[in-house]
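Visitor: The following block contains the structure, expressed as structure tokens.
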Amino acid sequence: MSHKPLAAAVLAGLFISALTTGCGSKPAADLSRSFATPPPSARPWVYWFWSNGNITREGITADLEAMKRAGIGGVLIMEVDQSAPQGPVAFGGPEWRKLFAFVCSEAERLGLEVNMNNDAGWCGSGGPWVTPELAAQKVVWSETAVRGPKRFEGALPAPETIAGYYRDIRVLAFPAPPAGAAGIDGLRYKTAELATEFHYNGRSSTLPTRAAWPEPAAGETIARDRIVDLTGLMDAAGKIAWDVPAGEWTILRFGHTPTGKENAPAPASGRGLDCDKMSLEAIKAHFDGFLGPLADAVGERTGKTFVSVHIDSWETNTQNWTKDFAQEFRRRRGYDPLPFLPVLSGRLVDGRGVSERFLWDFRQTISELVLDRYAGGLQKLAAGRGLRLSIEAYTTCPTDELAYGGRADEPMGEFWPIWFGSGQPYGFGFTCTEMTSAGHIYGKRIIGAESFTSTDEERWLLHPAKIKEIGDWAFAEGINRFVFHRYAMQPWPNVKPGLAMGPWGLHYERTQSWWNLSTAWHEYLARCQYLLRQGLFTADVCYLTPEGSPQSIGIQKRFFARNSDNRDEARDRTGYNFDLCPPEALLTRMSVKDGRLVLPDGMSYRLLVLPQVETMTPALLRK
């Protein structure tokens, strides 16, 4: 079914409403003038991809002047390795920083703004400045079987060690359950993919009901009061001496080591370990290793022309430990997680129900640390330099994605006009629903989108007339800043079609045959974006999402199915508009006034819809 009438009708309604009501404090005459001549801040942006060190001053000037001429308002810079030959400029090095400073001086001359990705590539937050101790960490362990009664003296095997860094957590012993004893649904949680197991295996992250907890037979679980802490008996070489009680015993030596994940797809000069996203120390070291020196190089233009830093979509798997994780778990959850470490190996401690509740708490602690330290920490560090933070807060995040988006100054979604070979439009459309909801719930006035991302099917065939419909749909969804994906840097003044970006993206460069005809299209987008930033989104219904981590509406509604029409699944608006609301925001930001659910930034709703889950924490139930 065509959605053209829907997008046109919704946009027309928004525009008429804006002009007739004045959108709050702005007179209709001012809106009319700015609609006719939108301010530079309303112009669309582009992802400006630099390819593997192929950067020249001539190319920078030619690209930025072409953008200015066509009505582009800003750039989001990201350097990648997509098989272009290695260029002469090493990522993040002295010459690279000089060229970045030159970008900012040219952008100032032309009235453009600059956003910089927080590392090279689009996966992760890392680089060669991240040391193994500050890298993302995972829990690892080794197992030793012993039989008592006897005196055991020997070395416990060292668990897996990556990048030469390993630290012990605990050594625990317990009576060994019989072979084939029940475990946590047959899953093992030893990898850094603790959270993504729950995404891609279709498991719910909400707390299950007791009916979902068939308890194993007696003797198949580990009694917590039978667990013996042997940590103090092990020396620095891993040797231990212990008088083993009668029976079969298992000794687990737990520690943590880097996940080994690196930022990607990055040029070799910018590639390194992904930083520990649950450590403020690691986040600061990452900022100081790359973004701080850039701000220094730009000088007084930081915060004026160089205006923002960026975290792209989460495509780097996750981690499940940090140095002070146990202390933070005790502070946030109120009990000691260390006796439950055997659960991470797939075993049951004190039964299935207790073990599942521990895993719920474990994932929730990971979520809160990522929100507080990674997103919140980077936002504060950026703000200290006068910079904003934009985040694409979705795809396999180990957290509540709506709350994650709420930590950004500017949440961002994305949408694709062609969806991975399926011929279907509106790929990743769910992220627009998710991130516009985060923007509305947390009071963010600019909500961007990685716009018109494509695969090699595009082949220079798409143009504004072919993509306008999906752009109008994104506007109707609540997006009010397009960031075109993508504009590949053209280092040579007169080579056409020039550099591409591997198979990815809409070809949206000055080398396009229609580039100099695109000004009117960009003016149309600027008018739309200007009006859509006035006033507040209108929605009748507030949908509360489930508690627990990870939470993604994309997974909940199975938007990743390649053969489905993502547009229809993303838009289920039978006459009443809605926003999604995470439990955190309902607990801390929402109240009731004059019979409406209200937020401190002015948003309000008529109806609260509860999630279709059978469990709820007492705090949320009380609210």
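The values are calculated or read from the model by the stated rules, or taken from the named source; none is laboratory data. This is a predicted model, so every value here is computed, not measured. Positions of Cβ are backbone-derived with ideal geometry, glycine not excepted, and every protein chain shown enters the neighbour counts. Calculation scope for accessible area: heavy atoms of the full protein, side chains included, ligands and nucleic acids excluded. Shrake-Rupley method; radii C 1.70, N 1.55, O 1.52, S 1.80 Å.
Visitor: Suppose we filter the stretch 447-471 for residues that are within 20 Å of R527 (Cα to Cα) and buried (at least 20 other Cβ atoms within 10 Å of the Cβ); how many remain?
Guide: Final tally of qualifying residues: 9.
Visitor: Consider R109 carefully, then state whether it is closer than 17 Å to P493 by Cβ, out of contact with any strand residue (DSSP E or B) (no Cβ under 9 Å at 6 or more places or on another chain) and part of a helix (DSSP H, G or I).
Guide: no
Visitor: Okay, moving on. List the strands (runs of 3 or more DSSP E) inside the stretch 577-623, counting only whole elements, that have at least 2 residues being in contact with a helix residue (DSSP H, G or I) (Cβ under 6 Å, 6 or more places away or on another chain) and open to solvent by less than 30 Å² (accessible area, probe 1.4 Å).
Guide: Output list reads 578-581.
Visitor: Further question on the same structure: Answer yes or no as to whether V130 is at pLDDT 95 or above and out of contact with any helix residue (DSSP H, G or I) (no Cβ under 9 Å at 6 or more places or on another chain).
Guide: no
Visitor: Go through (1) modelled with pLDDT under 85; (2) farther than 21 Å from P337 by Cβ; (3) touching a helix residue (DSSP H, G or I) at 6+ places or on another chain (Cβ under 8 Å) one by one and return the number of the condition I240 breaks.
Guide: Of everything listed in (1) modelled with pLDDT under 85; (2) farther than 21 Å from P337 by Cβ; (3) touching a helix residue (DSSP H, G or I) at 6+ places or on another chain (Cβ under 8 Å), I240 misses just condition (1).
Visitor: Do we have any residue at all in the stretch 24-34 that's in contact (Cβ under 8 Å) with a residue 40 or more places away in the chain and not in a helix (DSSP H, G or I)?
Guide: Among the residues of the stretch 24-34, at least one is in contact (Cβ under 8 Å) with a residue 40 or more places away in the chain and not in a helix (DSSP H, G or I), which makes the answer yes.
Visitor: For the stretch 225-247, give me the residue count where each residue is open to solvent by 70 Å² or more (accessible area, probe 1.4 Å) and within 39 Å of the chain's Cα centre (by Cα).
Guide: Qualifying residue count, the stretch 225-247: 2.
Visitor: So, one more: What residue, of L31, L11, L19, is at pLDDT 85 or above and in contact with a helix residue (DSSP H, G or I) (Cβ under 8 Å, 6 or more places away or on another chain)?
Guide: Only one candidate passes the filter, namely L31.
Visitor: Further question: Output yes when any residue across the stretch 139-162 is surrounded by fewer than 21 Cβ atoms within 10 Å (Cβ to Cβ) and either within 30 Å of G92 (Cα to Cα) or touching a helix residue (DSSP H, G or I) at 6+ places or on another chain (Cβ under 7 Å) (or both), and no when none is.
Guide: yes
Visitor: Looking only at residues that are outside any helix (DSSP H, G or I) and open to solvent by 20 Å² or more (accessible area, probe 1.4 Å) in the stretch 124-137, which one is nearest to H256 (Cα to Cα)?
Guide: This residue is T131.
Visitor: Quick check on my filter: what residues within the stretch 39-65 are under 31 Å from the mean Cα position of the chain (by Cα) and open to solvent by 30 Å² or more (accessible area, probe 1.4 Å)?
Guide: Correct list: P39, P40, S41, R43.
Visitor: Of everything in the stretch 335-375 that's among the small types (G, A, S) and in contact with a helix residue (DSSP H, G or I) (Cβ under 9 Å, 6 or more places away or on another chain), which residue is nearest to N317 (Cα to Cα)?
Guide: Looking at the filtered set, the residue picked out is S367.
Visitor: Within the stretch 430-453, restricting attention to residues that are among the β-branched types (V, I, T) and assigned to a loop (DSSP other than H, G, I, E, B), which residue is modelled with the lowest pLDDT?
Guide: T453
Visitor: Which count do you get for residues in the stretch 258-293 that are over 20 Å from T161 (Cβ atoms), assigned to a helix (DSSP H, G or I) and among the hydrophobic types (A, V, I, L, M, F, W, C)?
Guide: Summing the residues that are over 20 Å from T161 (Cβ atoms), assigned to a helix (DSSP H, G or I) and among the hydrophobic types (A, V, I, L, M, F, W, C) in the stretch 258-293 gives 6.
Visitor: Among the residues of the stretch 515-547, count how many are surrounded by fewer than 22 Cβ atoms within 10 Å (Cβ to Cβ) and more than 26 Å from V598 (Cβ to Cβ).
Guide: Going through the stretch 515-547 one residue at a time, the tally reaches 12.
Visitor: D350 - would you say it is without any contact (Cβ under 8 Å) to a residue 40 or more places away in the chain and open to solvent by 10 Å² or more (accessible area, probe 1.4 Å)?
Guide: In short, no.
Visitor: Let me spell it out: the conditions are (1) open to solvent by 20 Å² or more (accessible area, probe 1.4 Å); (2) under 32 Å from the mean Cα position of the chain (by Cα); (3) at pLDDT below 95, and L506 meets all of them except one. Which number is the exception?
Guide: Condition not satisfied by L506: (1).
Visitor: Specify which of the listed residues (D288, D276, D312) is more than 30 Å from R151 (Cα to Cα), of a type in the set (D, E, K, R) and in contact with a Leu (Cβ under 6 Å, 6 or more places away or on another chain).
Guide: D276 is the lone residue from the list that is more than 30 Å from R151 (Cα to Cα), of a type in the set (D, E, K, R) and in contact with a Leu (Cβ under 6 Å, 6 or more places away or on another chain).
Visitor: While we're looking at this one, here's another question. Considering only residues that are within 19 Å of the chain's Cα centre (by Cα) and of a type in the set (V, I, T), look in the stretch 299-321 and name the one that is farthest from C397 (Cα to Cα).
Guide: In this case the residue turns out to be V309.
Visitor: Could you please let me know if H485 is part of a helix (DSSP H, G or I) and modelled with pLDDT of 95 or more?
Guide: no
Visitor: For the stretch 330-339, indicate whether the set of residues that are open to solvent by less than 30 Å² (accessible area, probe 1.4 Å) and at pLDDT below 95 is non-empty.
Guide: No, because not a single residue in the stretch 330-339 is open to solvent by less than 30 Å² (accessible area, probe 1.4 Å) and at pLDDT below 95.
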